[in-house]
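Asker: Shown below is the structure under consideration.
Here, each number is a calculation from the coordinates, and none is a lab measurement. Only a predicted model underlies this, so the values are computations on that prediction, with no experimental measurement involved. So basically every Cβ, Gly included, is an ideal-geometry build from the backbone, and we count neighbours across all protein chains shown.
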Amino acid sequence: MHLPLVYHPSYSYEFPEQHRFAMVKFRYLHDYLRQRGIATTDNLYRSGPCLHKWLLQAHCPDYLTRLREGTLSHKEQRELGLPWTPGLAKRTFISPGGTLLTALLAMRYGVACHLAGGTHHAHYDKASGFCCLNDLAVTALAMLEQPGIERVLVFDCDVHQGDGTAAILAARDDAFTCSIHCEKNFPARKQLSNLDVGLVDGIEDEAYLQIVMETLQQCLDRVRPDLVLYDAGVDVFAGDPLGRACISEEGIARRDRQVLGAIRERNIPVATVIGGGYDDDRWALARRHAIVVEQALALQGSQA
């Protein structure tokens, strides 16, 4: 039983503590999994900077240069919502490589988890909503270049629509995007995914889980993917300040368990990313992000 976990220390760097985005959560998530004995020297993989050729499939070269050099306009930085620093640039160019490595490991081991990723608001030539580069789109396009992969499903359960992913992959017939999100939440202007499911504000566990599983089965039947990229956002949590859903932590655990189980029941490899989650209690948030990893481990244990 081997559950690959992908991480890099640069995911958390010196960052304003009071900012709504909890940059420290990646380090806390790693530390929590180490304390639990889930992340070990045997299953922890370090990501590296994503190859430029893979980034160019999803992003504008001029935008990549501005992002790397810190020459984003004031408007671009405002839309990003994060202060540009060399630390931000470093993590930004590593994280998509981490999701791609996770996908490659999933092809080998069946399931793999990235302790970051899910930056689904980034568009071809601009940042948005705390997202600089779209790791899901980059990974989907890169994996479609690999032998034996003809169709990729991006199954996005973040509370916000994966608008950047939908826009970047819109012209591709071999990359299917599905977003299950609160309809009245960010972004105000939605993009057209292959399948969008807009949830009502205040949705609770049972109704939510039924929608998620019916939608997933529909996607698996329709797409018959060779790989699934699963955005396990925890901003659906009832106490999340940027969410509009009312899902319990047990509901999130059931969601991840059922989603991963349904995908693996069909023997389809699945790579997970943590997606969104916002909480002033950073440790509680990190533990919430760990749920998908814990459920992946339990699934592997049950199949051993």
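Asker: With the cut-off at 22 Å, tell me which of the pairs Lys75/Lys184; Lys90/Lys190; Lys25/Lys184; Lys90/Lys184; Lys75/Lys126 have Cα atoms farther apart than that.
Answerer: From Lys75/Lys184; Lys90/Lys190; Lys25/Lys184; Lys90/Lys184; Lys75/Lys126, over 22 Å: Lys75/Lys184; Lys90/Lys190; Lys25/Lys184; Lys90/Lys184.
Asker: Ok, one more. Going by how many other Cβ atoms sit within 10 Å of their own, how do Thr41, Thr85, Thr177 line up, fewest first?
Answerer: Thr41, Thr85, Thr177
Asker: For Cα pairs less than 8 Å apart in space and 6+ apart in sequence, what is the mean separation divided by the residue count of segment 163-223, i.e. the relative contact order in percent?
Answerer: Across segment 163-223, relative contact order equals 33 percent.
Asker: Pop out the Kirkwood hydrodynamic radius of the chain from its pairwise C-alpha distances, inverse of mean 1/r, in Å to one decimal.
Answerer: Every distinct Cα pair counted, the radius reaches 18.7 Å.
Asker: Give, in whole angstrom and from largest to smallest, the semi-axes √(5λ) of the equivalent ellipsoid of segment 166-228, with λ running over the eigenvalues of the Cα gyration tensor.
Answerer: Its equivalent ellipsoid spans semi-axes of 22, 17, 6 Å.
Asker: Moving on. Magnitude of the Cβ-charge dipole of the chain, K/R +1 and D/E -1, about the Cα centre, nearest 20 debye?
Answerer: The calculated dipole for the chain is roughly 700 debye.
Asker: Give me Met1, Met213 ranked fewest to most by other Cβ atoms within 10 Å of their Cβ, as a rough exposure proxy.
Answerer: The most exposed by this proxy come first: Met1, Met213.
Asker: Jot down the per residue volume, in cubic angstrom and as a whole number, of the convex hull over the alpha-carbon atoms of segment 77-231.
Answerer: Here the figure is 119 Å³ per residue.
Asker: On to the next question. Tell me the relative contact order for segment 1-49 as a rounded percent, counting alpha carbon contacts under 8 Å between residues six or more apart.
Answerer: Relative contact order, segment 1-49: 55 percent.
Asker: Between His2 and Arg151, with labels modelled 7 Å along Cα→Cβ, what's the label distance in nm to one decimal, could you check?
Answerer: Roughly 2.9 nm, to one decimal.
Asker: Below 8 Å, C-alpha to C-alpha, sequence gap of six or more: please give me the relative contact order for the chain in percent.
Answerer: So the answer I get is 21 percent.
Asker: Of Gln210, Ala166, Leu64, which is farthest towards the positive pole of the chain's charge dipole, taken about the Cα centre with +1 and -1 on the beta-carbons of Lys, Arg and Asp, Glu respectively?
Answerer: Leu64
Asker: While we're looking at this one, here's another question. If I take R0 = 25 Å and measure r between the Cβ atoms of Arg68 and Arg282 in this structure, what FRET efficiency does the formula 1/(1 + (r/R0)^6) give, to the nearest 0.05?
Answerer: 0.35
Asker: Now for a different question. Given the -39500 (n - 2.57) contribution per DSSP H run of 4+ residues, what per-residue ellipticity at 222 nm results for the chain, rounded to the nearest 500 deg cm²/dmol?
Answerer: Here the helix-only value at 222 nm equals -13000 deg cm²/dmol.
Asker: What are the GluC sites (Glu not before Pro) within segment 12-111 that DSSP puts in a loop, where the Cβ has at most 14 other Cβ atoms within 10 Å?
Answerer: Glu14, Glu17
Asker: Relative to the Cα centre, what is the charge dipole magnitude of segment 100-201, using +1 at the beta carbon of each Lys and Arg, -1 at the beta carbon of each Asp and Glu, and rounding to the nearest 20 debye?
Answerer: In total the dipole reaches around 100 debye.
Asker: Within segment 60-99, which trypsin sites (Lys or Arg not before Pro) sit in a loop by DSSP and count at most 16 neighbouring Cβ atoms inside 10 Å?
Answerer: none
Asker: Considering only Phe130, Ala142, Gly118, whose Cα is most displaced toward the positive end of the charge dipole of segment 107-231, charges sitting on Cβ of Lys, Arg (+1) and Asp, Glu (-1)?
Answerer: Farthest along the dipole direction, towards plus: Ala142.
Asker: How much of the DSSP bridge set in the chain is antiparallel, in percent, rounded to the nearest 5?
Answerer: Antiparallel bridges: around 5 percent, rounded to the nearest 5.
Asker: For the chain, with a Gaussian network of springs between Cα atoms less than 10 Å apart, report the residue from Cys182, Cys219, Cys60 with the top mean-square fluctuation.
Answerer: Evaluated over the chain, the most mobile residue of the options is Cys60.
Asker: Considering only Pro147, Pro49, Pro86, give the residue with the highest GNM mean-square fluctuation for the chain, with springs between Cα atoms whenever their separation is below 10 Å.
Answerer: Pro147
Asker: Here is a further query. Write out the trypsin sites (Lys or Arg not before Pro) in segment 137-202 meeting two conditions: DSSP loop, and at most 13 other Cβ atoms within 10 Å of their Cβ.
Answerer: Lys184, Arg189
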